[in-house]
Structures are given as C-alpha cells and as structure tokens.
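A.B. asks: Mind looking over this structure? Questions follow.
FYI, it's all coordinate maths here, none of it is from the lab. None of the values given here were measured: they were computed from a predicted structure. Cβ: placed from backbone, ideal geometry, glycine included. Neighbour counts: every protein chain shown.
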Amino acid sequence: MYNLRNHVIPPTRRKRTLDQVNGLPCTPVTSRKRLKRSESVSSQKENNAPLSGRRPSWSGKPKTEPLKNTNDLGTISENVSSSTPVRPTNFPMTRSAHAAAAAEGIRLTRSQSTRASPFIPSVARARRSRRRSDHPVPHPELRVQLERVPLGNRSVSRPDLLEDSVPNSDRSSPTALLSVEASLASWFSPRRYNAAGKDQAAKLKRLNTRKMEFDLLELSQSVDRDELQMTTESLMNQSMVGDPLEKLLELCGQTEVKPFTECFDEETLEGISKIGEGVYGEVFQSPKGHVIKIFPVAGEDFVNGEKQMTFADVYPEVFVSKKLSELAYKYRRNRSVNFSQMKKATVVCGTLPDAFAISWRKFESQMGSDNECPDFLPPSQQWMVLEFEFAGEPLANVRFNTCREARSVIEQIALSLAAAESALQFEHRDLHWHNILIRPTRQWKLRYRVGGVSYAVFTEGIQVTIIDFTVSRLCHEGNIVYVDMSDSPEIFEGEGDYQFDIYRIMRDNNGQVRCSSFHTRFSKRGNDWRPFHPRTNLYWLHYLMGKLLNETSYPRRDPDSQPVESELRALYDMVLTNNYRSATHLVSSCFYFDTCRIG
C-alpha cells in the first residue's frame, strides 16, 4: 500500500504541476485526498515520510504517495494545495536564507523553519521510549515486571538447528538460508505463539469443576439488601436441588425443550455468520447484531475431542450470566451496564440447521478452525443457545485517539467491579484485556450505583463490556458459584506476562485450607477458591492499567494527554500500595473517583 512511488500512472489521471507550467522537467503525480486530523500520523508531518509501524485505521482504495523530483532550481515537483513549490531543506535555515526564499516566493514547510532541528526525531523517539518503558512495581508482593515481550515477537536464532540441518560448506549460500528459514518457520511463527495463548485459555475452559453451593451463612452476610427477605424453602428452590434439566428450564423461562427450528426465524437463519469458536461451542452473529453462542449438552458423542458438558455444568454458567445482566436494571443500591447483557437463554433439541453448518464451513475456509463442524450430531442431541448483545472488539486490538478514552475505560471497569462486589460478592478471576470489549456509543455519560452512592463517568464515545465468566465467583441469595482451580496446577505454570503472575498471586492469597488426619491437624496456604477475596479484582485492575499505560501509545496532539496520563499513573501506583481491600473500597475511598461521585 505504501510502496507505490514507481507505479505507472495512466495519462488520463495525470495533472499538470507548477513545474510543467514553467517548462521544468518533473514527474507526473496523482492527486491525493488530504487526511483528516483523526487519520493523520505524527510521522507524516516531517518531510512527508512514508508511514511506519502499524497500519492506519482508515479503509478504502490505496492512495498513491506524492512523487518528489528535484529540478535544477532545487525545488520539489510535488502536488500540494499551493501555487508555489516547496524547498527540500533537511537542515535549519538562517535568517538570510529565509529572506532569500521569501524574495523568490518559495513557501517553506514547518520542517524547514528556524525552530526545526535535525535532533527532533531522535528526541521524540527517546520520549516515546521513556513513556513506554517498564515502570517498576513498588509493591513488594508482586516483584514482577509489567512488560515481558513474548518469544514470538522477537528475532530469535537457532544455531543448533542451523548446524544440524546445513553442512559447513553451504551455510552461507542463499539456498541453505532459505531451507533453514523454512525449517524454523514452524518454531517461531506468530501462529505458534497465538496458539500457545489459546491453549492457556482452553485450560481454563476445560475446568468442569464449577461448583454451586447453598449456604445460609453467606445469605446472612450478603452485602446487598435490595430484595425482600425470602423463606428458606424459596431459596432452596433457586439452588441446584433437584433435576438439573428442570432447574435449567426454569432459569430459562421454559417448561419443555424446544425444537431447534422454533428458536430461530427465517430472517435470522438467512443472515447468520460465524465469528468465533471456543473449546465447547461455536459463536455466530445474527443479522440483528446479536452474538449467539451454541454448544451441545448432555450427549454421548465427543465434540472437538472433549466430553460434552452436562446440564449441571451449564446451569451455573447461565446463572452467572443472568445475574450479572440484571445489574443493569434490577438492583437499586448497585447498578452497572458494563457486563455482557444476555438477551435470551434457550434449551433446544435437534440437528444443527443447514444455515449454521454452511456458515461454519465458510469460516473454516477463510480463517481456519481447530474445531469440528457439529452437524454430525444426531437428531436427539440437546443444545444450549445463549444470545448476547454485540459488545465490540477486544481491548488489545483497540487504538485510542486520546488518553481520556483510556481513563474512561479504567473508570468504567473499576465502578462495574465495585457494583458487582457490593451486590453479588463477585470476583472475575480472569480479567485479562482480551476479556474487555470496546464498542462506540452515543451516550454522553454512564451512571452507576455502588452501595447506594451514585457515580457518573464520561464515556468519551466508547463503552466497556466485561465478558467470559468461566472461572468467576459470585454469591446470590446464599447460592455460591465458583470454580475449584486447585485441580488444574498447569494453569499456574504460565510465563511471559503479568497475567500469569496474577494466577499465582490469587492461589497464594486465597485463604487457608485446613487439612486433618487421624493424628494431626495442619493448615496449608492456598487452594481454597470458595471464599470471597475481592482484592483479586484489584490485581486485575492493576494489570489492565499497566497494559493501557505501558503497552499502548497515544497521539500527542491532545492538550490534556500528559495530565491525564499522570493521573492514571498516580492511580496505578496506589492501587496495590494503599491497603485497598477491594474495588468497592477503592472507589469509595480514593480521591481519584471523587470527580465521578454524584451528590
């Protein structure tokens, strides 16, 4: 897209430049639409240099870069929105040179002014490197660096493989180098390391040890008091006592299992498209923009090499999604709209419709797939269908325009975690930046309530959605839902990112487990995932702030960029050092959130 300077331009698209009018030799150029301020890049401002780094965010036909051709007078034949040529000076000009240029009627760009300096680009690079450098964590509990570049992003050599695969006499030949490069491609390709991250996520998905327990003591210690007191019998009816299928149908508002064909209308089936996949299911998008998650349940056939989930495994997932969705409208003392909104949950039966199978194969041909198409399952197969609102793109893929947008992201996440803590004793326990989705919004403000106190956050045009509650913990009216992660020690063996350190920190600080034997009683630290430890939400908030401050770049045109970034760094340094016990404690006690508080 950017290497078009030698492109042959059709005669019909050529334009006459000033040099052609003056009879000077020049190279014909094509016109280029001037970039908007939001689309411009700082590297374009100096000498019209070609873009470098990440690809720009705009779309459309590639534009031809203006060609430069120095003529005898030392001017540049360039298609600019001016009737005078531009002098290609790469060094600061004196006042006499400015006067001579003015006498000749030559316009000077900003890069040729007396304020310009050949050292400016290097200074800018140094400043950027300082901004994006690692900031040591002052808290002794962490002792880890925030930025650890994975192996897949580095240039790595393997001399041992080179010596084994190529003879000594032919190691410098081009053919030998190509063969070595091909042999190392499977070792150091980005897909290999993306697959490694996907395997880590799959390990969490395979934790079928999600437990749902009922405890009246937890009910008496509930923080939220929005609803009326209920009898013990009615509370027990909401727990997992009885047939799991009947309890799941009751939770979904059904009396019986529906046929697959009754769940979707013809319009939805015609416009369905697959957008993703998981270990147990497939993710599609409907024409209305909703996200549909489908996975088989309680069948005898293996799917993707895994045993199907049971209704007892599915019930807690639907329960958690429904209760977090209700935070947007049901509770009076605690409110947040930043959790994934589940529109509908349905238990269906039958074969996979042809529209889903066609969309699945189209996705596989374009993007590839690690799963197998589930259309081989029999007509007696039962399915779980979950429909959510479309929530946008992962935070890791979003390019911000200002630091104020990053500040809004942090405030929305912090207040949402605080509201969920207060209402449901909620811990996410896996809030990495791929589980934060960003979408544009027209709302000017988002309103929250935490413990009866109202807050408001300026959206800056974006809205956050928190997703993936696979290993989350919450308690609602005595029903405790959690995942026992102690049965999968491989989860705590990951390296290369602050995310994996948080898994180990949660394990080491999640309470005491009392073990008894016939002769002795002792206690060991960790492995008790049932109690409520809200400080884990602060660890993940600290992780997200580190990603936004140290691994995200922002345009420097915004006048509020530096003060906003300084405020975020101050909050980042105090999240884990000021003895805050939870996100609720942080929001209610930290001066940073005083500007968000209403009344």
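A.B. asks: Based on the mean of other Cβ atoms within 10 Å per residue, sort peptides 574-580, 470-476, 301-307 so the most packed one is first.
C.D. replies: Ranked by mean Cβ neighbours within 10 Å, highest first: 470-476, 574-580, 301-307.
A.B. asks: Run the simple label-point estimate for Thr261 and Tyr329 please: 7 Å along Cα→C-beta, distance reported in nm.
C.D. replies: In this crude spin-label approximation the distance works out to 3.2 nm.
A.B. asks: With a cut-off of 8 Å between alpha carbons and a minimum separation of six or more residues, what is the relative contact order of region 402-499 in percent?
C.D. replies: 30 percent
A.B. asks: Could you list, in their original order, any pairs among Lys274/Lys322; Lys330/Lys362; Lys258/Lys445; Lys274/Lys307; Lys247/Lys362 whose Cα atoms are separated by more than 32 Å?
C.D. replies: Lys330/Lys362; Lys258/Lys445; Lys247/Lys362
A.B. asks: What ranking, highest mean first, results for peptides 451-459, 280-288 when packing means the other Cβ atoms within 10 Å averaged over each residue?
C.D. replies: Details: 451-459: 17.7, 280-288: 19.3.
Top of the packing list down: 280-288, 451-459.
A.B. asks: Let me ask something else. Val453 to Phe302: extension gain in nm, 0.36 nm per residue of separation minus the Cα-Cα distance? Write out the running numbers ahead of the final one.
C.D. replies: On the way: separation 151, 0.36 × 151 = 54.36 nm, distance 4.94 nm.
In short, 49.4 nm is gained.
A.B. asks: How many nm separate the modelled label positions at Thr577 and Cys373, each set 7 Å beyond the Cα in the direction of the Cβ?
C.D. replies: 5.7 nm
A.B. asks: What is the packing order of peptides 403-413, 347-357, taking the mean over residues of other C-beta atoms within 10 Å and listing the highest first?
C.D. replies: Sorting 403-413, 347-357 by mean packing, highest first, produces 403-413, 347-357.
A.B. asks: So how far, in whole Å, is the C-alpha centre of region 413-453 from the one of region 320-382?
C.D. replies: 22 Å
A.B. asks: Need one number: nm distance between label points at Thr310 and Asp243, each 7 Å from Cα along Cα→Cβ, rounded to one decimal.
C.D. replies: 1.6 nm
A.B. asks: By how many nm would the segment from Asn397 to Ser380 lengthen if fully extended, with 0.36 nm per residue of separation less the alpha-carbon distance?
C.D. replies: Numbers: separation 17, 0.36 × 17 = 6.12 nm, distance 4.04 nm.
Gain on stretching Asn397 to Ser380: 2.1 nm.
A.B. asks: Over all directions, how big on average is the projection of the convex hull of the alpha-carbon atoms in region 294-373, in square nanometres?
C.D. replies: Working: hull surface 28.8 nm².
It is 7.2 nm².
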